[in-house]
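Rule-based calculations on the coordinates, nothing more; no lab input. Just so it is clear, the structure is predicted and the values come from calculations on it, not from any experiment. For neighbour counting, all protein chains shown are included, and Cβ atoms are generated from backbone atoms with ideal geometry for every residue, glycine included.
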Amino acid sequence: MFITRTSRALIAALPLMAVALPALAEIKDYEFRLTQSEFKQGNGVVITVRLIDKRSGKPVPDAVIFAKRIDMEPEGMATMASPIEALLAPEAGTYSFKTNLVMEGGWRLSLGAKVQGETGTLENKLILKALP
């Protein structure tokens, strides 16, 4: 059997290439986090969240957010929802939304997103507070 020097080198490198592959992530390895949790009650409130890879703590850019809702579920009023509009991201890995926090109290921000390169849907529910 004739094996060239190049073939031997490639065969010898196979175990090293397997070790060098990054660990595969799962959708549960990501989460949205509020950059602040308290806001002044009113119209035109901007809420910013950061999408984090929990394994590294690094922000994750370019997610596609396809579902967003803000309501007063923490106060027992899930049907009390406000319109919410996506804004341009202030920096990579952050996502901003404009809404009206018409009443003081607890609010729930629900987000659904696709993370680039991952299968499945990321869903997070974040609690924030509107202050007078």
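Segment 24-131: D in µm²/s via Stokes-Einstein (Kirkwood Rh, Cα pairs, 25 °C, 0.890 mPa s)?
Estimated diffusion coefficient is 174 µm²/s.
With θ set to phi - 60°, apply the Karplus curve 6.51 cos²θ - 1.76 cosθ + 1.60 along segment 66-73 and write out the HN-Hα couplings as whole Hz, x wherever there is a Gly or Pro.
So the J values, rounded to whole Hz, are 10, 9, 8, 7, 10, 8, 9, 3.
Which residues' amide hydrogens lie under 5 Å from the amide hydrogen of residue 93, considering only partners 5 or more residues apart or on another chain, with H built in the peptide plane?
Result for residue 93 returns 62.
Under the rule of at least 5 residues apart or a separate chain, name every residue whose amide H is placed under 5 Å from the amide H of residue 41.
Hits under the 5 Å cutoff: 131.
For residue 78 and residue 35 in the same chain, what is the full-extension length gain: residue separation times 0.36 nm, less their Cα-Cα distance, in nm?
13.2 nm
Roughly how far apart, in whole Å, are the Cα centres of segment 82-100 and segment 101-125?
Rounded to whole Å, the Cα centres lie 11 Å apart.
Based on the alpha-carbon gyration tensor of segment 69-121 and its eigenvalue square roots a ≥ b ≥ c, which shape applies: rounded if a/c is under 1.5, prolate if not and a/b is larger than b/c, or oblate?
Oblate.
Can you spot the lysines whose alpha carbon is less than 22 Å from residue 114's alpha carbon? Ignore those fewer than 8 places along the same chain.
Here the lysines satisfying the reach criterion relative to residue 114 are 28, 54, 58, 68, 98, 125.
May I ask you to sort 35, 48 by Cβ crowding, counting other Cβ atoms within 10 Å and putting the fewest first?
35, 48
Quick one: 3J(HN,Hα) in Hz for segment 123-131, Karplus 6.51/-1.76/1.60 with θ = phi - 60°, rounded, Gly and Pro as x.
For segment 123-131, the Karplus-derived couplings read 10, 10, 10, 10, 9, 9, 10, 9, 9 Hz, x marking Gly and Pro.
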